[in-house]
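Step one of this worksheet: look at the structure below.
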Amino acid sequence: MIEYVEQLGGAVPRIGPPPEGAAVAVWSMDTLRDVVGGHRVAEAAAVLDADERERAGRLLRPGVRQRYLASHVGLRVLLGGYLGMPARDVRLVREDCPCCGGPHGRPAVAGGAVHFSLSHSGDVAYFAFAGVPVGVDVEETPSAEAVVDVLPTLHPAESAELTALEPGERRAALARVWSRKEACLKAIGRGLALGLVEPYVGCGPTPATVADWTLADLPAPAGYTAALAVAAPSAR
């Protein structure tokens, strides 16, 4: 589905028209950058909205706050490029939750001109944009302890697959499962509200088929795994 991931650096990016239909544009960036898309991360308050600034203010660890600010500046730079407006003028909203109907579903652009998804892990952020619901996720390779903790919470078939692997293979396999599952859950808009059992995505080299979604792994830096979920034509 995606063979090339565009890199967002310090310069203002050259962005074409927004993707249409199931076409997807995927970008990644280093969240330790001081300048993102022509904006200094130290001056992010001039670009972000009140909710983003308030959330950033609650992040007490400087490294965590830096990664949050950089990724959200990056998101606004890219959305502004696709929508033809300054990054600070992009208005973000929340869709209704598919589980309870509350206003905490998928993040969206007011007016729904383009669908997007943001994920960051470690020092890497991924962004996906499409004309239909889309979810992206990037994960650092987890620790052996995390494998033990997460194993019982997965789909029984995924737990069995991971258990059958050699111990040295389980960390990378769990990263594949986690990124695929999170990509689907972000695209659906329910996050982890109902746990990690569904959907079944598999831990092998190729993702399992997920009803109503096209699921694919993405190129990722060493030590990371990334995946993308896009609404399938039959679901629209």
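Some observations on this one:
- Here the extension length gained between R14 and L194 equals 60.9 nm, from 0.36 nm per residue of separation less the Cα-Cα distance.
- Dividing the alpha-carbon radius of gyration of the stretch 9-156 by the rule-of-thumb value 2.2 N^0.38 Å gives 1.10.
- Crossing angle, helix 167-188 versus the chain [Cα axis fit, 0-90 degrees, rounded to tens]: 50
- Normalising by residue count, the stretch 72-144 has a Cα convex hull of 109 Å³ per residue.
- Alpha-carbon Rg/Rh ratio, for the stretch 1-92, with Rh computed the Kirkwood way: 0.98
- Helix 62-83 axis, angle to the chain major axis (alpha carbon atoms, nearest 10°): 70
- Each peptide in 115-125, 28-38, 86-96, 212-222 gets a packing score, the mean of other Cβ atoms within 10 Å over its residues, and the list from highest to lowest is 115-125, 28-38, 212-222, 86-96.
- Sparse-neighbour loop sites [GluC sites (Glu not before Pro); the stretch 1-81; at most 16 other C-beta within 10 Å; DSSP]: E3, E20
- For the peptides 63-69, 76-82, residues were scored by their other Cβ atoms within 10 Å and the scores averaged per peptide; the highest-first order is 76-82, 63-69.
- Descending principal axes extents, the stretch 86-198, alpha-carbon based, whole Å: 50, 32, 21
- Each Lys and Arg adds +1 at its Cβ and each Asp and Glu adds -1 at its Cβ; summed about the Cα centre, the chain shows a dipole of about 620 debye.
Every number in this text was worked out from the coordinates using simple rules, so none of it is lab data. The shown structure was predicted, so the numbers you read here are calculated from the model rather than taken from an experiment. Every residue, glycine among them, receives a Cβ derived from its backbone with ideal geometry; neighbour counts consider all protein chains shown.
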